Protein chains: 4
Amino acid sequence: MVVARIPFISPMNVIMKNLNIGMIGYGFMGRTHSNAYSQVNHFFPLKYKPVLKAVCARDAEKVRSFADQWGYESVETDWRKVVERKDIDAIDICTPNNLHKEIALAAAANGKMVLCEKPLSMNTAEGEEMVAAIERAGVPNTVWYNYRRAPAVTLAKQLIDSGKLGRIFHYRANFLQDWTISADLPQGGAALWRLDAAAAGSGVTGDLLAHCIDTALWLNGSITDVSAMTETFIKERKHTLTGQIEKVSIDDACTFFCHFKNGSLGLFESTRYARGHKALYTLEVNGEHASLKWDLHDLHRLQWFDHGDEGIVRGWRSVHVSDGDQPYMKNWWVPGLQIGYEHTFIHQVADFLKALEEGKPCSPTFREALETQKVCDAVISSAKERTWKTIAS
Amino acid sequence: MVVARIPFISPMNVIMKNLNIGMIGYGFMGRTHSNAYSQVNHFFPLKYKPVLKAVCARDAEKVRSFADQWGYESVETDWRKVVERKDIDAIDICTPNNLHKEIALAAAANGKMVLCEKPLSMNTAEGEEMVAAIERAGVPNTVWYNYRRAPAVTLAKQLIDSGKLGRIFHYRANFLQDWTISADLPQGGAALWRLDAAAAGSGVTGDLLAHCIDTALWLNGSITDVSAMTETFIKERKHTLTGQIEKVSIDDACTFFCHFKNGSLGLFESTRYARGHKALYTLEVNGEHASLKWDLHDLHRLQWFDHGDEGIVRGWRSVHVSDGDQPYMKNWWVPGLQIGYEHTFIHQVADFLKALEEGKPCSPTFREALETQKVCDAVISSAKERTWKTIAS
Amino acid sequence: MVVARIPFISPMNVIMKNLNIGMIGYGFMGRTHSNAYSQVNHFFPLKYKPVLKAVCARDAEKVRSFADQWGYESVETDWRKVVERKDIDAIDICTPNNLHKEIALAAAANGKMVLCEKPLSMNTAEGEEMVAAIERAGVPNTVWYNYRRAPAVTLAKQLIDSGKLGRIFHYRANFLQDWTISADLPQGGAALWRLDAAAAGSGVTGDLLAHCIDTALWLNGSITDVSAMTETFIKERKHTLTGQIEKVSIDDACTFFCHFKNGSLGLFESTRYARGHKALYTLEVNGEHASLKWDLHDLHRLQWFDHGDEGIVRGWRSVHVSDGDQPYMKNWWVPGLQIGYEHTFIHQVADFLKALEEGKPCSPTFREALETQKVCDAVISSAKERTWKTIAS
Amino acid sequence: MVVARIPFISPMNVIMKNLNIGMIGYGFMGRTHSNAYSQVNHFFPLKYKPVLKAVCARDAEKVRSFADQWGYESVETDWRKVVERKDIDAIDICTPNNLHKEIALAAAANGKMVLCEKPLSMNTAEGEEMVAAIERAGVPNTVWYNYRRAPAVTLAKQLIDSGKLGRIFHYRANFLQDWTISADLPQGGAALWRLDAAAAGSGVTGDLLAHCIDTALWLNGSITDVSAMTETFIKERKHTLTGQIEKVSIDDACTFFCHFKNGSLGLFESTRYARGHKALYTLEVNGEHASLKWDLHDLHRLQWFDHGDEGIVRGWRSVHVSDGDQPYMKNWWVPGLQIGYEHTFIHQVADFLKALEEGKPCSPTFREALETQKVCDAVISSAKERTWKTIAS
């Protein structure tokens, strides 16, 4: 395109229909979702407009402050009231994992759309119950596996689907962090429920690997069997709620390899003990003709290798995903100007609203997210039993 | 900090005072500024809250659409009306450069605060007039040299000011783009006024080098003299407004070296003919004890070299500027999650509003931005006359 | 050091004793070893000087040409003659793996020192026989796991041994190539014996993972148990020797995870189907206080992360291992000037000769290399039986 | 090529003619040249074979030690004897710059070939005298601008000559070091003659920029005019020979911009005060259709951007220059295995010997190297006089 740096045209919103949101939970994910609802119509031409109708949490004072900050019209302290309110169209579940099922079932029973934080559930059994309920209700639904909508990851999907990679041999992903290395860090409670299996279901498997697995299933299809190893490096920590030193119930690290249905091999690893990595989610796909890599720490770049390039200048290309012909980017700035983490959520809302317009599902649906749950469960039990596990299809 | 990945605490806004904004112009910068006003109170605890009171442009239909998208309460098609409106506190100037002076003078005369896009003016003479007017009026003012507020650049400032680098030997910056290489690209008009000296004042010098110079003056102090070379690679282009092939009036490329008052040497380059670079603004500072580098294409990273590190493991550190103890970042997400381009504008608004609270100026003020103008003028005339030029201090 | 770029002082060789080498095999490794013998005294101050006494291969004409090129004094076509020659002190085994044992045993029986290419043997049983023979003979011996002597890897060893990393949590390594993706590539014969299990013992496990395992055992101690997966992507290839399409007997890809005796987790992968990677041997070690990474494609660099660095400028350091205080580098050029692949072999010869002087063993000895063989065997059988395997200590 | 990782075929040397070398000087460059002579026939198929006939230096004991190390057959302490010896074919000049002219003239007068270290001379006048003498004598000659023969740089030449870049807009190079920052470093004498203008002619201009200029002239053609700035940061240092504090006579840093005859702009910088850079020689060429970059710190890589690539996957390619179809690399190892600094000298000797075989000149000849001298002189005088200088063509 000749005039590539002329600013992309601002989108225009022709007709607006309100979509009234009731959000339950207001922690870290409450912020990312609220931001997404606030921003989506500024950048994407859509018929629907989210309205921040209500936010719910147990602490009345804190939830009021949160509502003020983001412009929620009302607050609730009992989530059951939110799912029953007539003026609310969609329930957004941002609570710890152990509440996902109950809320989703109630929301579905009240005919509400549901946007649920990942992972879908504590385990496969819960997830199956949720899928059944949501599909019985026939309401639009999605699970916030936001990294699919990093433009570079969406571009990866587009490249794979185009057939440019040919037969896939390897899929590789990891999610490495280092924030729990200190033995002084407590577990549990509002800030640290991710370290408590009673609230989270599992450790890095559900928190981090679930992201890697969701992206993998999307990019490379089904996983058929897995063999896994987990470890808990720090065996005991003080629990925030009890004040007592208690056994740590989560997996601190988890590694597994697997077969994909397409014949390729998978290798996945996650840990919170990789000193030097804050949130290093990387993925790599090796195909017969081309390969690609991505890294959350520089999420606006895709690494691309095309074996079809002339031999003397063949090499990995560092693609700065900021051009108007790359996924989502014509709605943002001009080439060379990067976007960040929170945009992945804005993209998911944009796609959800567009899907509403078109009467289509917004991937990943509860049913799709259930597949990730199955793999997570197989991984956990494989590690426990030190044996391969097959994924029921 | 033990619990580094516990989400940073959401800021709370205690008391809110409205700051009514009237924005003139609605192009690319209109979007970045509107976004900044919309977002700032979601992430920064401030007493002031910008209200999008009016936006102004000549095309009534388009400006209406823009106002709808961003939630401006009203539109105007004559900027003089905006600067006179009683319900407006601050004028934001986003027009092409040739209107900056007239609007700023009128705004000042009406006692409005002024936030002016960079560069301040077409030339030093205009800039001096603007500084005089704004200071006579005694109104808060700032110029949108947004890159100062990329967290990595602000961190650079903090490191330099701490004395960690010691005596500075070299300051090096460039801003390389490649979007005007095609001879088929026209010049002038609403979309391409940056290619027309009548609207822009100069080419890459005012558009790109001005950013580099502003940051340099901020980080490394005054420039005393310069020697420059400019080039116009494509001599004629069709003009959008006249439809005629006309002589290109801007500099396509500009390079200069200089002395800083602190004894260090400066080297600056900008071009729109560097194939492969979309918006590569880089800077590097070499000091006696340490050096640092930054690159807009990965704006969330700072490269840092500390000669005091143990010799066997000494090397450039790639610092992912996303921790709560790094500038602005405690207001965003958690470590490892990057922000992007538009955040630099949000930070400038946050700082402007904080400065209002505290009754302090928000850097760069008109007076400070005038220094950049002086260097730009010296550069242009040095190139024309093929001789060194001294900067009047 | 103030004068860091003053060239490192040229080493001087005081007294010279000849060490007469008889090399068996003359392929790729024949070249790397011949080069190492030719170069070592130019750069390292040593009392011993290798003399290229004889080279042996079945093709008389080709071995003569090779001898001329490298200055071997004589040629042989029967390796048994070489191991029996009185004028030879040390036998260098560069043949395909299936000849290692027989030659090593004969060499030991004749009282020759032995330098054996890796992997030590076709399997653990062979390896044990070799260790017994060489130790019974009491002759100096070493196995060419050359990557230990990449200066950055040796530096990694030094850093780990210093305790700077603290408790180790993770060890991660892979060796990725892409040269066998084409189904048209034949297997077997002089050029492609690595694709034939009858000559090589295994595929990527013995060829590539053996390197990763050797380095891991050296850096991180013993492996206690493993769980592995292997794959052969292309099931049949034409055999160079028979001209027939035959079943492919090797593993094209191999992945395993494991526990180290020190409590850390290991993750290893190798493949020749990772499009875009020519010879990507990477390793990473995550410790409580620090982490390090290395990559064969840029072998002169070590990545180093020190959590003890001040928070605001903490990041991965890219250490250019070319300074005089870094391993082996004072013997080469000046800081900033990199060395390459072949130097790892020169370093091993230098260390072997120095060890001779001092009457010490040169690591890895046959006994040490046997440990790698045990892990390889456990990996192959774990993959076959889809179960964990314990490594006999 | 299907079998890309089958080791490149070892070269064979059919007929050998000795080329007797007499080397004058034995410092850092003495080592790189001696190594090149020792190695060239091991890797390159050539009819000529360098023989290390004599090495000359004033210190009899040290030169004897050096000769022993490298296998020189004899030593001399008076360079005049070397240039007169009948058994010597070629004189290699490795002395400080202030001796180049006298030795070259004497060598030419004796009908010897001459291989002269860079820069050719102390200044243009000397250089012209040398060119006249060498051309009058009609002897083969070359100047050791070794970086041309880094495979990635030679590949750059091949790409530019192929026309793939189209019209060139920008040529950019720098050479940054940091080893003279300490004020305690003395100047002058055997180890530090590069800091003494009486021995070196100039500072970074002749030592470092000369490399950048030579490569630039080779890749991008003639320079027509220059404007330069130099600086001496540390004004006085102890002189090694006198023991006195003396004025520093060299340029510590030098920057210039220029026009090339082909219409492109050049920008060059060199310094020994860029903390964190050991020997960072980088170059970048921006053309209409493609761009390339190179960096001595990772000399085995070329960065390549091709605007013709499909938009969504366009990006800078990091080309690992280690394949058999890339310059010089079929003579080394297998893809993915890098070579280092000293190989650039081996390549120059290989090319010199091949040129001898073919009766052709080996670039850069004295005449070609004189062009670099002219630019250096113009740069120095431009900086002194603060004005543009034209290069006489």
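All of the numbers you see were taken from the coordinates with simple rules; none came from a lab. Fair warning: this is a prediction, and the values are worked out from it, not measured in the lab. Neighbour counts run over all protein chains shown; Cβ positions are idealised from the backbone, glycine included.
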Review point. C:H170's amide H: which non-local residues (gap 5+, or another chain) put their own amide H closer than 5 Å, with H modeled 1.01 Å from N in plane and none for Pro or chain starts?
Key: C:L265, C:N286
Check your understanding: Binning every alpha carbon pair distance of the stretch A:97-232 at 10 Å from zero, what are the percents per bin?
Key -> 10, 33, 34, 20, 4
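Hand me the tally of lysine pairs in the stretch D:17-146: alpha carbons under 12 angstrom apart, and the pair either on different chains or 8 or more positions apart. Display every interim value, and only then the final one.
Numbers: D:K17/D:K47; D:K17/D:K49; D:K53/D:K86; D:K86/D:K112; D:K101/D:K118.
Summing the qualifying lysine pairs gives 5.
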Review point. Calculated FRET efficiency, C:M16 and D:T77, Cβ-Cβ r, R0 22 Å, to nearest 0.05?
Key: 0.35
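So for the stretch C:92-149, what percent of the C-alpha to C-alpha distances run longer than 15 Å?
Details: 658 of 1653 pairs.
So the portion of pairs separated by more than 15 Å is 40 percent.
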Exercise for review: Taking the Cβ of each residue in D:V204, D:V75 as the centre, tally the other Cβ atoms inside 10 Å and list the residues starting with the fewest.
Suggested key: D:V75, D:V204
**Study point:** Relative contact order (percent, whole number), the stretch C:17-146, Cα cutoff 8 Å, 6+ residue spacing
**Key:** 24 percent
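Find the Cα radius of gyration of the protein assembly as shown, compare it with 2.2 N^0.38 Å by division, and give the number to two decimals.
On the way: Rg = 34.3 Å, N = 1572, 2.2 N^0.38 = 36.1 Å.
Against the empirical 2.2 N^0.38 Å value, I get 0.95 for the protein assembly as shown.
Under a Cβ-Cβ cut-off of 13 Å, what is the net charge of the residues other than B:Y26 that fall near it, where Lys and Arg count +1 and Asp and Glu count -1? Could the numbers behind the result be given before it?
Working: positive: B:R31, B:R58, B:K62, B:R64; negative: B:D59, B:E61, B:D68, B:E76, B:D92, B:E117.
Within the 13 Å Cβ shell, the charges total -2.
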Check your understanding: How many nm separate the modelled label positions at A:E310 and D:A392, each set 7 Å beyond the Cα in the direction of the Cβ?
Key -> 4.0 nm
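Quick one: order B:D309, B:D214, A:D92 by neighbouring beta-carbon count within 10 Å, fewest to most. Don't skip to the answer; put the middle values down first.
Working: B:D309 18, B:D214 27, A:D92 31.
If I rank by nearby Cβ atoms, fewest first, I get B:D309, B:D214, A:D92.
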Check your understanding: Near the amide H of B:D225, under 5 Å away, which other amide H atoms are found, from residues 5 or more places off or on another chain, if H is placed in the peptide plane?
Key -> B:H259, B:I391
Point to revise | Average beta-carbon neighbours from other chains, 10 Å sphere, peptide A:69-79 | key: 1
Check your understanding: Once you list every other residue whose beta carbon is under 13 Å from the beta carbon of C:E135, what net charge do they have if Lys and Arg are +1 and Asp and Glu are -1?
Key -> -1
Exercise for review: Collect residues whose amide H, placed 1.01 Å from N in the peptide plane, falls under 5 Å from the amide H of C:V319; neighbours closer than 5 in sequence don't count.
Suggested key: C:L302, C:Q303, C:W304
Check your understanding: Within 10 Å of each Cβ of D:276-289, how many other protein chain Cβ atoms are there on average?
Key -> 5
Revision key, fill the gap. Restricted to pairs 8 or more residues apart or on different chains, the lysines in the stretch C:278-393 with C-alpha atoms under 24 Å apart form a number of pairs equal to 6
Exercise for review: At q = 0.09, 0.11, 0.16 Å⁻¹, work out log10 I(q)/I(0) for the stretch D:147-390 with the Debye formula, treating every Cα as an identical point scatterer and leaving solvent out; two decimals please.
Suggested key: -0.43, -0.64, -1.23
Review point. Got the D:S162 label distances to the other copies yet, label 7 Å along Cα→Cβ, in nm, shortest first?
Key: 2.2, 4.5, 4.7
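Quick one: grab the alpha carbon gyration tensor of the stretch D:222-292, order the square roots of its eigenvalues as a ≥ b ≥ c, and give me rounded if a/c is under 1.5, else prolate or oblate depending on whether a/b is larger than b/c. Before the final figure, lay out the partial values.
Details: a/c = 4.11, a/b = 2.23, b/c = 1.85.
Note, shape of the stretch D:222-292 comes out prolate.
Ignore the peptide's own chain and count Cβ atoms of other chains within 10 Å of each Cβ in C:164-171; give me the average, rounded.
Values: counts 2, 1, 2, 3, 2, 11, 10, 0.
Average neighbour count from other chains, rounded to a whole number: 4.
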Exercise for review: Starting from the coordinates of the alpha-carbon atoms of the stretch C:255-393, obtain the Kirkwood hydrodynamic radius over all distinct pairs and give the value in Å to one decimal.
Suggested key: 18.4 Å
Exercise for review: Identify all aspartates and glutamates with a Cα-Cα distance to B:K238 below 12 Å; exclude those on the same chain that are fewer than 8 residues away in sequence.
Suggested key: B:D184, B:D196, B:E246
Review point. Just from the alpha-carbon atoms, what are the Rg and Dmax of the stretch C:17-146 in angstroms?
Key: 13.8, 40
Point to revise | Axis-nearest residue in chain B [Cβ, rotation onto D], distance in whole Å | key: B:S227, 3
Exercise for review: May I ask you to report, in nm to one decimal and beginning with the shortest, the distances from C:G359 to the same position in the other copies, taking label points 7 Å along Cα-to-Cβ?
Suggested key: 6.4, 8.6, 9.3
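What is the local net charge at D:N262, summed over the other residues whose Cβ is closer than 14 Å to its Cβ (Lys, Arg +1; Asp, Glu -1)?
Values: positive: D:R167, D:K261; negative: B:E231, D:D161, D:D225, D:E288.
Around D:N262, the surrounding residues sum to -2.
Ignoring everything except DSSP H segments at least 4 long, calculate the 222 nm mean residue ellipticity for chain A; use -39,500 (n - 2.57) per segment, divide by total residues, nearest 500. The partial results should precede the final answer.
Values: 11 runs with 123 residues, N = 393.
Roughly -9500 deg cm²/dmol at 222 nm, from the helical runs in chain A.
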**Study point:** Length-normalised contact order for chain B - Cα pairs under 8 Å, 6+ apart - percent
**Key:** 20 percent
Revision key, fill the gap. Label points for D:K235 built 7 Å along Cα→Cβ; distances to same position in the other copies, nm, shortest first, come to 4.8, 6.9, 8.3
